[in-house]
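Worksheet: the structure to be examined is printed underneath.
All of the numbers you see were taken from the coordinates with simple rules; none came from a lab. Since the model is a prediction, treat every value here as computed from it, not as a measurement. All Cβ positions, even for glycine, are placed from backbone atoms using ideal geometry, and neighbour counts span all protein chains on display.
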Amino acid sequence: MKPMYKTIGIVLASMLTIISCAPDDRFLAVDKSGKTVVERFGQLQVMGTRLGTQDGKPVQLRGMSSFGLQWAGKYANEAVIQWLRDDWNMQVWRAAMYLTQGGYIENPVIKEKVISSIEAALKLGIYVIVDWHVLSDKNPLVYKDKAIEFFTDIAQRYGTYPNIIYEICNEPNGKDVTWQGQIKPYAEAVIGAIRAIDPDNIIIVGTPNWSQDVDVAAEDPIKDYKSIMYTLHFYAGTHGEELRKKAEKALAKGLPIFVTEWGTSDASGGGGFYPDQSKVWLSFLKKHGISWVNWSVNNKGEESGTLVYNADREGKGRWQDADLSPSGRFIRKVLRNEIRIP
Ligand code: DCB
């Protein structure tokens, strides 16, 4: 081919690629004009069951969760979060602060990793979920006073920034931990403390049974406060149609849902990588416009983790394909809009 035709061919081909792959601006962490997601969406609000921008347009935010900050706090820094924003197209970062298992109650300096996450998010113009990671401690009332003290401080320091999203109890669990008995009373107390300082940032409440029983919360949602959402968690290798039915039931009752944690593995964080089941879930979330955050950035070697065993031991970011696990490569492509989700 003559060089000129070759050039024309290349130009045409790249124009076609741009047109056909051009992702909807709403799914970009930074748009073509360089505006960050927080610059574009501003103060988030809840509109019916949907998350909305300051201007009242529905949005679906997508991003990544840290692993337990006591284990993987080295990734809660600006270099990694910027890499995730720029290379992974991440719009929201979740700082998962466990309470026990070496978490905040036992080791309060862990809070510094939440602060470094927030500072990076403010600088980079992305949203940040401050996650009070109730898990093996089961009943959120156990550390209610500590939660109020913690969220009061976060709200006083950062409540004026639209970047902040509060997640007040990751996964309440255990037979004796019910919505009406423990979770709702806990949530009302913590929400009251946050709202005394911060009138409008989104607050996400955990639901019974490891944040699966959104249908139960939907029977008796929290009144009196605005911009409240409820979390649904799933692991694609364990949870399927039955859990999606529960979510649909809750949505039909008007419950606003935010998936603050889901994994491509089974419910242990390991046990295999389930891309097909994950795609069914991603399609469900897309259909309902539900925001999501994937579990999680770590190099432990478990299937839900983004990095292969021992990759990036210092927390520098700039990962190459060989650093990423099958799940990491899959989620990166999903976030970059390179895998079509029907
Ligand atoms: C959730 C937790 C999260 C946990 C993942 C995977 O727990 F919110 O903290 O992460 O889902 O289980 C796992 C890590 C492991 C680590 C472990 C330590 O991936 O590497 O060793 O935390 O706590 C769930 C979710 C669902 C269910 C149970 C749990 N479920 N759970 O459906 O039964 O028991 O942790």
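Results, tabulated for the structure shown:
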{"item": "Number of positions in the stretch 148-189 that are closer than 16 Å to Met229 by Cβ, in a loop (DSSP other than H, G, I, E, B) and among the hydrophobic types (A, V, I, L, M, F, W, C)", "result": "2"}
{"item": "Pairs where the first residue, in the stretch 279-293, is farther than 14 Å from Trp262 by Cα and the second is assigned to a helix (DSSP H, G or I), C-beta under 9 Å, 6+ apart", "result": "His288/Ala247; His288/Glu248; His288/Leu251"}
{"item": "Helices (runs of 4 or more DSSP H) enclosed by the stretch 206-253 - at least 3 residues per element that are within 18 Å of Ser278 (Cβ to Cβ), without any contact (Cβ under 8 Å) to a residue 24 or more places away in the chain and hydroxyl-bearing (Ser, Thr, Tyr)", "result": "none"}
{"item": "Close pairs (7 angstrom Cβ cut-off, 6 or more residues apart or separate chains): more than 17 Å from Glu167 (Cβ to Cβ) in the stretch 117-145, in a strand (DSSP E or B) anywhere", "result": "Leu124/Thr36; Gly125/Thr36"}
{"item": "Any pair with Cβ under 9 angstrom, 6 or more apart, that starts in the stretch 173-190 at a residue that is acidic (Asp, Glu) and ends at one that is in a helix (DSSP H, G or I) and surrounded by 15 or more Cβ atoms within 10 Å (Cβ to Cβ)", "result": "Asp176/Gln182"}
{"item": "Some residue of the stretch 184-202 being closer than 20 Å to His239 by Cβ and surrounded by fewer than 19 Cβ atoms within 10 Å (Cβ to Cβ)", "result": "no"}
{"item": "The stretch 286-302: number of residues that are within 18 Å of the chain's Cα centre (by Cα) and farther than 19 Å from Ala95 by Cα", "result": "5"}
{"item": "Where Arg329 falls short, out of the listed (1) within 20 Å of Lys287 (Cα to Cα); (2) surrounded by fewer than 20 Cβ atoms within 10 Å (Cβ to Cβ); (3) within 19 Å of the chain's Cα centre (by Cα)", "result": "(1)"}
{"item": "Answer residue from the stretch 254-270, given it is assigned to a loop (DSSP other than H, G, I, E, B) and either of a type in the set (Phe, Trp, Tyr) or farther than 17 Å from Lys287 by Cα (or both) and is farthest from the ligand (Cβ to nearest atom) among those", "result": "Thr264"}
{"item": "Residue identified as of a type in the set (S, T, N, Q), touching a Leu at 6+ places or on another chain (Cβ under 8 Å) and touching a residue at least 24 places away in the same chain (Cβ under 8 Å) among Gln70, Gln82", "result": "Gln82"}
{"item": "Complete set of residues in the stretch 87-103 that are within 14 Å of the ligand (Cβ to nearest atom), buried (at least 21 other Cβ atoms within 10 Å of the Cβ) and farther than 13 Å from Val128 by Cα", "result": "Tyr98, Leu99, Gly103"}
{"item": "Residue under evaluation Gly63, criteria (1) crowded, with 20+ Cβ neighbours inside 10 Å; (2) part of a loop (DSSP other than H, G, I, E, B), criterion not met", "result": "(2)"}
{"item": "Output for the stretch 217-227, where each listed residue is surrounded by fewer than 21 Cβ atoms within 10 Å (Cβ to Cβ) and of a type in the set (A, V, I, L, M, F, W, C)", "result": "Ile222"}
{"item": "Single residue of Thr238, Thr231 found to be of a type outside the set (A, V, I, L, M, F, W, C) and under 18 Å from Val205 (Cα atoms)", "result": "Thr231"}
{"item": "Selected residue [under 30 Å from Asp86 (Cα atoms), hydrophobic (A, V, I, L, M, F, W, C) and within 16 Å of the ligand (Cβ to nearest atom)] from Ile129, Ile203, Ile165", "result": "Ile129"}
{"item": "Thr306 vs. criteria within 11 Å of the ligand (Cβ to nearest atom) and among the hydroxyl-bearing types (Ser, Thr, Tyr)", "result": "no"}
{"item": "Candidate set: the stretch 289-303, residues that are away from the ligand (no atom under 13 Å from the Cβ) and buried (at least 17 other Cβ atoms within 10 Å of the Cβ); chosen: the one farthest from Ile228 (Cα to Cα)", "result": "Trp292"}
{"item": "Single match in Thr238, Thr231 (criterion: surrounded by fewer than 21 Cβ atoms within 10 Å (Cβ to Cβ) and β-branched (Val, Ile, Thr))", "result": "Thr238"}
